[in-house]
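Undergrad: Below is one structure. I have some questions about it.
The values are calculated or read from the model by the stated rules, or taken from the named source; none is laboratory data. These numbers come from a predicted model, not from an experiment. Note: ideal-geometry Cβ built from the backbone for every residue, glycine included; neighbour counts use all protein chains shown. Note: areas computed on protein heavy atoms with side chains; ligands, DNA, RNA excluded. Shrake-Rupley method; radii C 1.70, N 1.55, O 1.52, S 1.80 Å.
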Amino acid sequence: MLFLTRTLPFLFCFVFGVTSWIIYYVPHEYAQTIEREFALWLRLVFAFAYVLGLVSLLSLHWAKIRQRQAGWAYSLIVYISFGVMMLFVVYNDGNGPFAPQETTGPYQWTFINVHVASSATMFSLLAFFISSAAYRTFRARTPEAAILLVSAIIVMLGRVPIGAYISDVIPEAMQWLMSVPNMAAKRGILLGVSLGAIATSLRIIFGIERSYLGGGDD
Amino acid sequence: MERLINIDRRIIFVFVFLGVAIPLLVDIHLPIKPTPTVRSVYDEIERISIEDPDRPVLVSFSYGASTVPEMVPMTRAILRHLFSRGRKVVGICLWPEAVGIAQPIMDELAAEFGMKYGTDYAFLGYKPGQHAVVLNLGQSVAGTFPFDTAGTAIGDLPVLDGAKNLKDFSLVFDFAAGDSMEFWWIPFGQEKHRFPFAGGCTAVMAPDLYPFLQSKQLVGLLGGLAGAAEYETIIGVPGSATAGMEPQSVTHLIIILFILLGNTVYFITRRRGGTV
Amino acid sequence: MTRDRYVFVGFLALFLSANAILVANGSLALDWDGIGVMVAVGCTLALYSFLYKDNALFKVAEHVYVGVAAAYVFGITWYNSLYGEIIVSYFDIGAEGSTGGGHNPWVLLFPTLLGLLMLTRFSRKFSWLSRISFAFVVGVGAGLTIPRFMSSFLLGQLEPSLAPLSLSWEGLNLFLVLVGVITVLVYFFFSVEHKGAVGHASRLGIWFLMVSFGASFGYTIMARLSLLIGRISFLLDDWLHVM
Amino acid sequence: MSKITSCIAIAGIFLRVAAGAQEPVKIEVFDTPNDAGGSLTITWPLSTSAQTSEYRIYVATAADGPFQLAATTTAPALKSTEPTLFGHAEANDQFHVLHFTDHDTEGGGEPMPLRDGTAYFVRLGVTTDGDELFSDVHSAEPGGNWFNTAKWNNLIISVGLTLVILFYISVARRKDLFIRRIAGLEALDEALGRATEMGKSVLFVHGLKEMDKISTIAAVSILGRVAQRTARFDTDLRVANVDPVVMSVSQEVVKEAYLQQGRPDAYRPDSIFMAATEQFSYAAAVAGIMVRERPAAHIMMGYFYAESMLLAETGSTTGAIQIAGTDAYTQLPFFVTTCDYTLMGEELYAASAYLSREPKLLGSLKGQDLGKALIIGLVLVGTALASFEVDFLTHLLASL
């Protein structure tokens, strides 16, 4: 059993990992075919992963309802709104689920008027909290934080028309700041991050990092 | 002094609300000056319209509902420019929510310029897989999007004649609310096929992309609503982004004043030995 | 508590009467479009009630949104991929008048199997099977990542950094970029203590980082405000018609 | 240049054809390198003529024909535009280059693609002022290639980095590797110390990502350290979660820490709780705890999204010490301006390696450090060389 639960996944990971790494260097038709198939498979498995995410969301809220945890009524609301929207998904403006998707009907209506409206509103809430934080908590406690705030002010002024209205120097300072010191730091971060990503990928391929396996008994 | 800082934050919220609402209602005209990164997107589309007029442009929508106010104005500005130059446009979505948002916009603008579905433009819908979709497109467009959203096979869409993979597009343009330009398109597409690549992103992502502008992995960039407003200015069709620049300017000023005020109080109280 | 209740009732009454007035004076039609605007405004205001304080209305709106979002994404995945690509290819059902298209069903067998195995994660007995799917996804992902990140990020970003320096404005900027890249890397270097020259370099690196964080900070504030502008102009224009 | 001399110049290239002279003419036909097959490449010397000439490539499957048209061009590219295939030799801008993948068929039907493994005979025709001059015939065979020669640098560096990282991991398994002190961890200890002095609780806030993400793993190992301290000093610890798996792992880690400190009695599983399941509800719930319970220290670790703003803002107004750590670079600015100390990006992973002493983390951190040192060295040397117009290192490192 240990072979099936531990070794087999590791072998899978190693073989597929090394193969997809090597074919990068091989322009031959055979290698390109493998790359095409891998990309397709990966893409299709991702579609199933959505179902996985959906089931785990629903089971999380189901647990809250079943155990009558604090705020379980909100979980019930998740179920109700999910159920109603699912009906619209299946209805597909009269064509049923086994036809191309319609761009009209209750599904699109709910999407625009509930989903889009809520989603954009949720993130716009942050505009308010940022302003309150600007007043109450964005402090130049240290020289570093002072540099951060000065650079933020230059960018905020230079990026909108009011900056040029005050002085032509401000947008130019913003441009310079973005494309020289900001660019340099972002490049430094990027180099570090990609080294980190490569190191993590190596640990995965060589079976040193197995936390992705998760779940199930060992 | 400390009481000044510890006021109810709802008072600040009212300031911000008014800072947005009043400039929206009262017209204060401020001239918009396009920045070089935005200008180079325009120049690139003009260039391909002359030098590479036959091959289609691939437009990828990688954003969701939460960033609609930022992303939709730039979607409109770019599509308007492409259609006005008679470019053939193929739209794909890398984020699921983009389907319901981008498709109506594309249809509307195409109708405005008399572009016909199938021959002048197409909308292929969404495929899960993020970077895997980009990699797959690099190998085969028809193998990645076998049908459009109406179920028509790709082979029946003349706009895609000759477009077998990413190499066969004159330009790829990504509208990104996340890191799709940086971590999907550049390493999994542009790295191999070297197509001209430009994009528009939310303001949050924009500073991260400057290294790619300097290394020419990215031709040009529209950053946030300001980038969209600049593009509207270049093509001479002011829209909601241009209208948004006035409240944007005012609220930026308000926030800067808040930061300055807060810090002044902070330094005064700190000098007196208090804490805030 | 009672004060909050008054606020809530007043808020609701205001919202309903505003809609009634708008319908009465013809700004909003009582068709699906008009009702749509009212629903959208309702969601928007319910979420904004969070600004007053965390309350039940906000939580209801947030959870409604979560449920709708989950079903919406499932719908898109179903029509674009699960049905629209996989099932259609198996049963060869293209749209009317469509010639061919779709994948060879045999090619799809393996990925479909992997996808289905992934769903065993919810079974206590068979969840080990899902590890095979995860091993595939993670393994291929890792293998694809290594050479591509090497090429587009390490080499692709290294090469433009190797520009000739000169005594000019451009030369100065290139020099600053060079200093920035190196000192930021030094800051994230963990094998030596940050003392002496290394300490100075890493301190300079922090300053570069702070300038770039400041840029991100400014841009993020801009982004959030843009969203707010979008929502408020929706309220003022599409709902109240005062713009 | 006059019309007549330009004709002579063109004709000069094809001297061998025109006059039967013996000098080699530099026309080359070969399989296109670094491709999947089905393509041939032809190169010929740069035209010295000021006039535009038309170039035609003819293909046959036998040396004596019949020749079919494969490609026509008036503005051919130069070899120097394709460093991927031809490198950076100076002479490259003295040669034209053209790739072709098919040829016309006799009946005028669909063009016939070139077949791998078939020998093709190719000749070049140049038309200036209506006269077409032909080169002699060269033969080549298209085919797929097994290695992309433009990727040597990539392969060597990747394999090198792999070996270094695997080497350091194996070293780390045998002995402890040095990592510098992480200032953020000292700040963490200080914050915990203050909480003890004040007799108030400590609030640990997890990020939004699941258990298999590096940032979450790092957050859990930092939680372990925090729990050790709170167990020793008998300080109240509260841990807010948004993911049930992270919650149960956190419970294990805290329980373990309390056991190690000999205080299993002080461990209360319900102080490690699910605050909410959704992003903003989570932020609101945690902010509520911050305001109501007024912990002395807030420790926020893991991957945060937009809710970071809400958490840190509310937190800083309560006067608590705030320590944050995240690899979400877009959220870092907010933590930096509202927290007393912030572990930025890779510092978070380093802190986790420093605390857990796990060989795989320590080893790969060391390997990455070596990679960074290499990059710093290459940038310095490369820039110095480039400043003196020596480009070889720049070309060697080019991503092609």
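Undergrad: Go through A:T7, A:T19 for me and flag whichever is over 26 Å from the mean Cα position of the chain (by Cα), in a helix (DSSP H, G or I) and at pLDDT 95 or above.
TA: A:T19
Undergrad: Being outside any helix (DSSP H, G or I) and of a type in the set (F, W, Y) is the filter here; which residues of the range B:144-196 pass it?
TA: B:F145, B:F147, B:F169, B:F173, B:F175, B:F195
Undergrad: Among the residues of the range A:22-37 satisfying the criterion of being open to solvent by less than 30 Å² (accessible area, probe 1.4 Å) and assigned to a helix (DSSP H, G or I), which is nearest to B:L94 (Cα to Cα)?
TA: Filtering the range A:22-37 for residues that are open to solvent by less than 30 Å² (accessible area, probe 1.4 Å) and assigned to a helix (DSSP H, G or I), the one nearest to B:L94 (Cα to Cα) comes out as A:E35.
Undergrad: Considering only the range A:38-52, I want to know if a residue exists there that is surrounded by 19 or more Cβ atoms within 10 Å (Cβ to Cβ), more than 29 Å from B:P146 (Cβ to Cβ) and hydroxyl-bearing (S, T, Y).
TA: Checked the range A:38-52: no residue is surrounded by 19 or more Cβ atoms within 10 Å (Cβ to Cβ), more than 29 Å from B:P146 (Cβ to Cβ) and hydroxyl-bearing (S, T, Y).
Undergrad: Right, another one. Can you spot a residue in the range D:218-227 that is charged (D, E, K, R) and either under 30 Å from C:V137 (Cα atoms) or not in a helix (DSSP H, G or I) (or both)?
TA: no
Undergrad: Please give the number of the condition A:E102 fails out of (1) more than 8 Å from chain C (Cβ to nearest Cβ); (2) charged (D, E, K, R); (3) open to solvent by less than 30 Å² (accessible area, probe 1.4 Å).
TA: (3)
Undergrad: Something else: Here are the criteria: (1) open to solvent by 10 Å² or more (accessible area, probe 1.4 Å); (2) polar (S, T, N, Q); (3) in contact with a Pro (Cβ under 9 Å, 6 or more places away or on another chain). Tell me which single one C:S168 does not satisfy.
TA: Here C:S168 meets the rest and fails (3).
Undergrad: Here's something else I'd like to know. Taking the range D:130-164, which residues are hydrophobic (A, V, I, L, M, F, W, C), facing chain A (nearest Cβ under 8 Å) and not in a helix (DSSP H, G or I)?
TA: D:W146, D:F147, listed by residue number.
Undergrad: Return the only residue of D:S308, D:S352, D:S356 being open to solvent by 10 Å² or more (accessible area, probe 1.4 Å) and either without any contact (Cβ under 8 Å) to a residue 60 or more places away in the chain or not charged (D, E, K, R) (or both).
TA: Just a single option satisfies the conditions, and that option is D:S356.
Undergrad: Separate question: Restrict the check to the range B:37-56 and report whether at least one residue is on the phi < 0 side of the Ramachandran plot and within 14 Å of chain C (Cβ to nearest Cβ).
TA: Yes, the range B:37-56 contains at least one residue that is on the phi < 0 side of the Ramachandran plot and within 14 Å of chain C (Cβ to nearest Cβ).
Undergrad: Which condition number does D:V245 fail, the rest of (1) open to solvent by less than 10 Å² (accessible area, probe 1.4 Å); (2) within 30 Å of A:Q69 (Cα to Cα); (3) hydrophobic (A, V, I, L, M, F, W, C) being met?
TA: In the conditions (1) open to solvent by less than 10 Å² (accessible area, probe 1.4 Å); (2) within 30 Å of A:Q69 (Cα to Cα); (3) hydrophobic (A, V, I, L, M, F, W, C), D:V245 misses (1) alone.
Undergrad: In the range B:87-97, what residues are modelled with pLDDT under 95 and either surrounded by fewer than 24 Cβ atoms within 10 Å (Cβ to Cβ) or among the aliphatic types (A, V, I, L, M) (or both)?
TA: B:P96
Undergrad: I'd like the residue in the range A:138-149 that is more than 7 Å from chain C (Cβ to nearest Cβ) and surrounded by fewer than 24 Cβ atoms within 10 Å (Cβ to Cβ) and, out of all such residues, is nearest to B:F258 (Cα to Cα).
TA: A:R139
Undergrad: Does C:L109 fit the bill of being under 30 Å from B:T152 (Cβ atoms), more than 14 Å from chain B (Cβ to nearest Cβ) and in a helix (DSSP H, G or I)?
TA: yes
Undergrad: State which residue is nearest to D:Y267 (Cα to Cα) when the search covers only the range D:172-205 and only residues that are of a type in the set (V, I, T), more than 26 Å from the chain's Cα centre (by Cα) and open to solvent by less than 20 Å² (accessible area, probe 1.4 Å).
TA: D:V202
Undergrad: Looking at (1) at the interface with another protein chain (Cβ under 7 Å from one of its Cβ atoms); (2) buried (at least 21 other Cβ atoms within 10 Å of the Cβ); (3) under 29 Å from B:K33 (Cβ atoms), which one does A:Q175 not meet, given that it meets all the others?
TA: Tallying (1) at the interface with another protein chain (Cβ under 7 Å from one of its Cβ atoms); (2) buried (at least 21 other Cβ atoms within 10 Å of the Cβ); (3) under 29 Å from B:K33 (Cβ atoms), A:Q175 fails exactly one: (2).
Undergrad: If we scan the range B:69-84, do we find a residue that is modelled with pLDDT of 95 or more, outside any helix (DSSP H, G or I) and hydrophobic (A, V, I, L, M, F, W, C)?
TA: no
Undergrad: For the range C:50-70, state whether one or more residues are touching a residue at least 60 places away in the same chain (Cβ under 8 Å), in a helix (DSSP H, G or I), among the hydrophobic types (A, V, I, L, M, F, W, C) and open to solvent by less than 20 Å² (accessible area, probe 1.4 Å).
TA: For the range C:50-70, residues touching a residue at least 60 places away in the same chain (Cβ under 8 Å), in a helix (DSSP H, G or I), among the hydrophobic types (A, V, I, L, M, F, W, C) and open to solvent by less than 20 Å² (accessible area, probe 1.4 Å): absent.
Undergrad: Could you list, ordered by first residue, the pairs with Cβ atoms under 8 Å in which the first is in the range B:26-49 and of a type in the set (D, E, K, R) and the second is open to solvent by 80 Å² or more (accessible area, probe 1.4 Å) and modelled with pLDDT of 95 or more, at least 6 apart or interchain?
TA: That search, which allows pairs on different chains as well, returns B:E46/B:R85.
Undergrad: Quick test of your reading of the structure: B:F169 fulfils all but one of (1) touching a strand residue (DSSP E or B) at 6+ places or on another chain (Cβ under 6 Å); (2) open to solvent by 10 Å² or more (accessible area, probe 1.4 Å). Name the failing condition by number.
TA: (2)
Undergrad: Then there's this: Condition first: surrounded by fewer than 23 Cβ atoms within 10 Å (Cβ to Cβ), at the interface with chain A (Cβ under 7 Å from one of its Cβ atoms) and of a type in the set (K, R). Now tell me which residues in the range C:120-162 satisfy that.
TA: C:R121
Undergrad: Helices (runs of 4 or more DSSP H) wholly in the range D:303-400 with at least 3 residues that are not assigned by TED's automatic domain parsing to the domain that holds D:K213 and not hydrophobic (A, V, I, L, M, F, W, C) - which ones?
TA: D:359-387
Undergrad: Those residues that are open to solvent by 30 Å² or more (accessible area, probe 1.4 Å) and more than 21 Å from B:F15 (Cβ to Cβ), I need them from the range B:244-273; list them, please.
TA: Hits for the range B:244-273 are B:F267, B:I268, B:R270, B:R271, B:R272, B:G273.
Undergrad: Checking D:V122 against (1) more than 42 Å from the chain's Cα centre (by Cα); (2) closer than 13 Å to D:W44 by Cα, which single condition isn't satisfied?
TA: (1)
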